[in-house]
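The values are calculated or read from the model by the stated rules, or taken from the named source; none is laboratory data. Source: prediction; values computed, not measured. With ideal geometry, Cβ positions are generated from the backbone for all residues, glycine too; neighbour counts draw on all protein chains shown.
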Amino acid sequence: MKLETYLRVADIPYVNKFDRWPGPKDKLPWIQYNQLAVADSQNCIEFLNLERDVDLNKKLSPGQLAVGHLLRRTCEESLYWVLLMWRLVFDSDSTIYRRMSIPKPIIWIMRNQSSGRLWSQGIGRHSEQEVTQIMEDDLAAISGMMGDHKFLFGDSRECVTEFDCAVFGQLCQLVWQMPGCPVQEIIAKKYPNLVKFCENMRTAFWPDWEDRLLHAVGKINSK
C-alpha cells in the first residue's frame, strides 16, 4: 500500500504483478525497473526518487522532515508489529486470511513462522491488553500531530509527501482491513481524524479503490 500509493502520488506508471515470489532480500514488495530488481518499499522509493527525479518532500522544512521520519518509523517499526499480532495471534479465526481464501495449512505455516519473529522482536511477549495499549499510544501521537489537517502537513493534494504514503500504508490496514478485531472500532471512536485522513488519501489517489478490493476480484474471476 505504501509503495503503490507513492507511485500514484508521484504519477509514476507501473504494472502490478501478484504471481511472483519474494524478490531480493526475500521480501515483498519489490520492483523490476528495466532489468534491475530493487527490494523493500523504502529502498524502492529512494531508488525511484533518484531515477525519476522525484521529491515529494521538497516543500517540507527540516523540522517537518524530522517529524515525518519519526512518524514513518512509528508506523513501520511499531504499528506494523501490532498489525501482525492482531492478525496472526489474537484473531484465532484468521478472519482476513480466510476471506482471502488462503488454505488452512498455509495459514498455519504463517502463524508458526511469525511466532518466532514476534517473540524475538519483543511484541510477541505482551498480552492482548498490552499490545492494544501500544497501539493506542502510537495512534494518539499520530492523531495529535495531524490535528485537523486533511493530510500530514496540509490540506491540499500538493501537500502529500512520502510520509503520508507510509502512514496511510499502515493506517488503512487498521482502519479497514481488520475483520473480527475491535481495532477498527477503537480507531473510529477515539481517533476519527485518522479515519478521515485515510478517507482523504483514498479519495485523492485511489479512485479505483472499490474495483481493487478482494470481493471485486472474486466477482471478475467468477465470470
Scan of the stretch 39-60 for residues that are touching a Phe, Trp or Tyr at 6+ places or on another chain (Cβ under 7 Å) and at pLDDT below 95, ordered by number: ALA39
Odd one out for LEU70, checked against (1) at positive phi; (2) assigned by TED's automatic domain parsing to the domain that holds TRP119: (1)
Neighbours by Cβ (under 7 Å, 6+ apart or cross-chain): first from the stretch 1-24, of a type outside the set (Asp, Glu); second assigned to a loop (DSSP other than H, G, I, E, B): LEU3/PRO29; LEU7/TYR14; VAL9/LEU56; VAL9/VAL160; ALA10/VAL54; ALA10/LEU56; PRO22/LEU28
Qualifying residue in the stretch 182-199 (condition: within 23 Å of SER101 (Cβ to Cβ), aliphatic (A, V, I, L, M) and touching a residue at least 40 places away in the same chain (Cβ under 8 Å)): yes
All helices (runs of 4 or more DSSP H) inside the stretch 117-223 with 2 or more residues being surrounded by fewer than 19 Cβ atoms within 10 Å (Cβ to Cβ) and assigned by TED's automatic domain parsing to the domain that holds GLU76: 128-146, 183-190, 192-205, 209-212, 214-222
Residue within the stretch 81-102 that is in a helix (DSSP H, G or I), among the charged types (D, E, K, R) and modelled with pLDDT of 95 or more present: no
Among residues of the stretch 1-58, those that are of a type outside the set (Phe, Trp, Tyr), farther than 23 Å from CYS75 by Cβ and in a loop (DSSP other than H, G, I, E, B), counted: 9
